[in-house]
Amino acid sequence: MPANETCDNCKYFVRLGSSDQPDKGTCHYNPPKQVDNAIGEATDDGRWPLCFASEWCGRWAKRV
């Protein structure tokens with residue numbers, strides 16, 4: 001993986017915009033996934049996968 005092909009400059013990465021966690025975002029390559037609540041039952045909520053700007057997954061695409 002080339003050093004510049006990280007989530008930070010991938011077209012699928014959306015930064016959360018939080019000042020306390022500026023390197024955190026979500027990946028929009030795949031659709032949101034259903035999440036389980038605290039007691040292990042499925043909910044109707046869908047969430048994008050969380051990731052850090054420094055990560056990579058192999059599906060990197062240039063941001064235009």
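Bear in mind that the values in this text are calculations on the coordinates, not laboratory data. Just so we're clear, the structure is a prediction, and the values are computed from it rather than from any experiment. A quick note on method: Cβ atoms are made from the backbone with ideal geometry, for glycine too, and the neighbour counts reach across all protein chains shown.
Fully extended, how many nm does the chain gain between CYS57 and GLN21 (0.36 nm per residue separation, minus their Cα-Cα distance)? Mind showing how you got there, number by number?
Working: separation 36, 0.36 × 36 = 12.96 nm, distance 2.04 nm.
Extra length from CYS57 to GLN21 when fully extended: 10.9 nm.
Model label points for ASN9 and HIS28, set 7 angstrom from Cα along the Cα-to-Cβ axis, are 2.0 nm apart.
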